[in-house]
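Participant: Mind having a look at this structure? Questions to follow.
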């Protein structure tokens, strides 16, 4: 079911708003992760400098157990995703996968097993997955 703000019942609107806040908070977190990596190893950069990441590259937040890597997901063609998640044991935690086309939020069930719980496209559609 696609969820769009302003359409449907109040509970649908609240659910859409909550999902929008999750995606916004995750995006802000990614910006903080990027900013934290700028100062590593004595390197400095202007706020306008862009770092280009390639497939396989990883970044780690120095103030929290959060890391990101550039990867491809099975079943999603050749698209590259930026995967961000907590480091350490994954069971019961969440990860976010950003591509140029969509955003996926997954709950990890075990070391190599995850279930998508939210799927949104940058064109505006969003759905909660069961």
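Participant: Treating only the Cα positions of the stretch 45-130 as identical point scatterers, give the base-10 log of I(q)/I(0) from the Debye formula at each q in 0.18, 0.19, 0.25 Å⁻¹.
Facilitator: Evaluating at q = 0.18, 0.19, 0.25 Å⁻¹ gives log10 I(q)/I(0) of -0.88, -0.96, -1.37.
Participant: Turning to a different aspect of this structure: How far apart, in nanometres, would the label points at residue 53 and residue 130 be if each is projected 7 angstrom from Cα along the Cα-to-Cβ direction?
Facilitator: 3.3
Participant: Could you sort the peptides 104-113, 53-62 by per-residue average Cβ neighbour count (10 Å cutoff), highest mean leading?
Facilitator: 104-113, 53-62
Each value in this text was obtained by applying a stated rule to the coordinates, not by laboratory testing. Quick caveat: nothing in here was measured; it's all calculated off a predicted structure. Ideal geometry is used to build each Cβ from the backbone, glycine not excepted, and the neighbour counts take in all protein chains shown.
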